[in-house]
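Take a look at the structure set out below.
The values are calculated or read from the model by the stated rules, or taken from the named source; none is laboratory data. Note that the coordinates shown come from a computational prediction; the quantities given were computed from them, not determined experimentally. Glycine gets a Cβ as well: all are built from the backbone with ideal geometry, and neighbour counts include every protein chain shown. Calculation scope for accessible area: heavy atoms of the full protein, side chains included, ligands and nucleic acids excluded. Shrake-Rupley method; radii C 1.70, N 1.55, O 1.52, S 1.80 Å.
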Amino acid sequence: MGFKDQYKHYSQQIPKDIQRSLDGGTCPVLGFTSNLDVLLEWDEGAFNAIADRYLTEQPAIRNNDTIHSIEDFARIISAYVIRGQGGEVDITDNAVCTFLENHFRNRYALGGTAAQGATALNTLGFPVLVHISDRSQEVCQLMDRPGISTVTESGLVPIIQAASAELPVRHIILQFPKGAKIRIQNETVEIPQSNRVIMDYDSIHKNLIIDENFRQYCEEHAGKLPCYAISGFNAIVDTEIMQSVIRDTIAHLQAIKARNPGCIIYLEAAHYLNPAVEEIVFSQMAPHIDILGLNEEELTLHARQHQTEIHPEDPASVLAGLRCFRQRYSIRGLLLHTKDYSLYFGEELANADITKGLTIGNLIAGTRARIGRYGTWQDCLETLSQPLSPTGLAFHDTLTAMEPDIQIVPSRYIENPGCMIGLGDTFMAGVLTAFL
């Protein structure tokens with residue numbers, strides 16, 4: 001059965017959805033992290049000069065890899081770039097940060113899944129409640145918009161009133177474009193796909209702490225929370241710390257569910273710096289969440305850690321990977337997002353229009369890719385002129401024939417994206433419209 005394009009239908013519902021949230025005093029909740037992104041501008045000459053001087057061995061990504069030196073940067077990042085692969089890796093020496101900021105032009109932007117998702121959803125016009133970890137003036141100013149609130153000792157406040165005098169947490173991000181040519185040990189390689197690598201020089205997120213004021217507010221007002229999107233565990237590397245964080249998080253979510261069983265709990269995955277921590281999160285959180293969201297790179301990497309190989313270009317392989325993932329953790333629902341399509345595979349959820357969530361998620365992420373910033377409702381309507389992804393359409397027809405209960409929506413095709421940063425975070429924000 002062919003794909004029924006409902007982008008226009010669902011996008012026209014957004015103004016009424018916003019008004020319903022405002023009238024009812026309800027809003028989605030997003031937690032738990034934020035930071036300041038340092039966006040490095042791609043410079044082929046600068047990258048080649050670094051590779052020529054510092055790439056002393058074959059490009060490679062190893063288990064638990066970290067960047068201690070410029071040689072590590074050259075080895076690890078070259079491996080990502082030549083594959084067109086995205087990922088995340090720790091930097092352990094501030095001298096590496098200084099070197100990169102001196103060798104590439106750069107600018108600052110908002111970082112953190114919760115912070116970006118909240119800002120993307122609010123740019124559409126929705127009120128949101130957000131927990132952020134980096135409350136620096138720089139981060140709060142980037143989120144200073146009517147309708148974005150958080151919680152302090154004073155109660156519910158506009159985000160700017162939570163700003164502190166602390167220095168921001170910086171994450172350095174290198175975007176690279178499809179078709180660019182790089183020099184790897186005297187051989188010219190063409191980058192097969194646009195993507196980005198996130199390099200974290202960050203200690204605050206090694207032990208994620210949920211603010212007690214925020215926790216209490218959400219538990220006391222659980223009836224006004226239609227959904228709760230959580231993320232930010234991926235930077236934790238110590239398994240004992242992770243066990244403690246998970247215990248506290250599960251207790252918090254249980255309190256929310258006890259007061260509001262209909263609140264949808266959405267866990268957004270990420271590239272985990274320690275696979276053992278990822279296993280703790282997925283296995284222990286699974287009984288307490290409704291949806292786990294991830295992209296095809298995260299699905300592929302996780303499968304490989306369990307001795308299974310997934311081929312993202314093969315629909316049958318992707319479906320097999322999703323089935324294995326659900327069975328391993330008894331997840332109620334899996335949500336996969338890619339540049340060509342998004343899909344939901346799992347139980348039917350009451351009071352949720354998953355197809356709407358997939359559609360709006362694709363739309364606002366595609367709009368960010370197209371214009372390089374979070375999109376307004378009008379910006380999103382303009383994205384509707386973009387064609388549907390041919391790859392996404394082919395996946396839709398193949399997967400729905402193989403698994404009739406799967407829900408899949410092809411993306412709008414953006415030929416030359418102006419931005420690759422925060423697309424998954426923006427997509428996640430759009431999915432939350434399914435529960436509002």
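Some observations on this one:
- Accessible surface ranking for HIS221, HIS205, 1.4 angstrom probe, highest first: HIS221, HIS205.
- Residue with peak Gaussian network fluctuation, the chain [Cα springs, cutoff 10 Å], from GLY24, GLY179, GLY372: GLY24
- Estimated at 0.36 nm per residue, the fully extended path between ASN102 and TYR54 surpasses their Cα-Cα distance by 15.7 nm.
- Rolling a 1.4 Å probe over the protein heavy atoms leaves ILE406 with an accessible area of roughly 10 Å².
- Shape call, segment 200-346: gyration tensor on alpha carbons, a/c limit 1.5: oblate
- Exposure of HIS68 as accessible area (Å², to 10), given a probe of 1.4 Å and all protein chains: 100 Å²
- Sum of -39500 (n - 2.57) over DSSP H runs of 4+, divided by residues of the chain (222 nm, nearest 500): -13000 deg cm²/dmol
- Environment charge of HIS302, counting only residues whose C-beta is closer than 15 Å and scoring Lys/Arg +1, Asp/Glu -1: -4
- Around GLY179: net Lys/Arg minus Asp/Glu count, Cβ-Cβ under 12 Å: -1
- Note on GLN243 and THR188: their simple-model spin labels are 5.5 nm apart, each label 7 Å out from Cα toward Cβ.
- Long pairs among LYS224/LYS257; LYS16/LYS224; LYS257/LYS339; LYS8/LYS339; LYS257/LYS356, criterion Cα-Cα beyond 22 Å: LYS257/LYS339; LYS257/LYS356
- Ordered from largest to smallest accessible area (heavy atoms of protein chains, 1.4 Å probe), the residues SER203, SER21 come out as SER203, SER21.
- Each Lys or Arg adds one and each Asp or Glu takes one away; over the other residues whose Cβ falls under 14 Å from the Cβ of LEU253, this sums to +2.
- Normalised contact order of the chain, rounded percent, pairs of Cα under 8 Å and 6 or more residues apart: 18 percent
- The modelled label-to-label distance between ASN351 and GLN216, using points 7 Å beyond Cα along the C-beta direction, is 2.7 nm.
- Alpha carbon centroid spacing (whole Å) that separates segment 210-249 from segment 1-39: 22 Å
- Cα gyration tensor shape for segment 354-425, rounded if a/c is under 1.5, else prolate or oblate: prolate
- Across segment 15-148, the mean sequence separation of Cα contacts (distance under 8 Å, 6 or more residues apart), normalised by length, yields a relative contact order of 41 percent.
- Relative contact order of segment 339-436, defined on C-alpha pairs under 8 angstrom at six or more residues apart (%): 49 percent
- Near-label residues of segment 312-341 by backbone N, under 20 Å of a point 7 Å along Cα→Cβ of ALA180: 339
- Label point distance in nm, ASP5-GLU71, each placed 7 Å from Cα along Cα→Cβ: 5.4 nm
- Whether the chain is rounded, prolate or oblate, judged on the alpha carbon gyration tensor where a/c under 1.5 counts as rounded: rounded
- Qualifying GluC sites (Glu not before Pro) for segment 340-436 [loop in DSSP, other Cβ within 10 Å: at most 15]: GLU347, GLU348, GLU415
- Axial C-alpha extent at least 24 Å, average Kyte-Doolittle at least -0.5 - helices from the chain (DSSP): 239-259, 354-371
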